[in-house]
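Take a look at the structure set out below.
Rule-based calculations on the coordinates, nothing more; no lab input. As the structure is a prediction and not an experimental result, all values here were calculated from the model. Cβ placement follows ideal geometry from the backbone for every residue including glycine, while neighbour counts extend to all protein chains displayed.
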């Protein structure tokens, strides 16, 4: 399991740090999970990245605490 993870919000000017957690610190994980769910409730979508180059879409409201980064962004329509 990874140590420290970051919850980021993708912005046009760069990523905004919303929370950091340490997998061995339950209080930091709980704070990050609350923040994660708060943004999901505002209809943001999330991806995880462990290497900064590949991104895996996330489903559900569970923060993957073993991720290096979880990045939130607004949902984009298309079609």
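Quick notes on this one:
- Residue 52 being touching a helix residue (DSSP H, G or I) at 6+ places or on another chain (Cβ under 9 Å) and closer than 13 Å to residue 71 by Cβ: no
- Residues that are in a strand (DSSP E or B) and over 10 Å from the mean Cα position of the chain (by Cα) within the stretch 11-31 comprise 11, 14, 15, 16, 21, 22, listed in sequence order.
- For the stretch 46-55, the criterion of being touching a residue at least 40 places away in the same chain (Cβ under 8 Å), in contact with a strand residue (DSSP E or B) (Cβ under 7 Å, 6 or more places away or on another chain) and under 17 Å from residue 11 (Cβ atoms) is met by none of the residues.
- Candidate set from the stretch 1-30 (those that are within 14 Å of residue 74 (Cβ to Cβ) and touching a residue at least 60 places away in the same chain (Cβ under 8 Å)); member that is surrounded by the most Cβ atoms within 10 Å (Cβ to Cβ): 8
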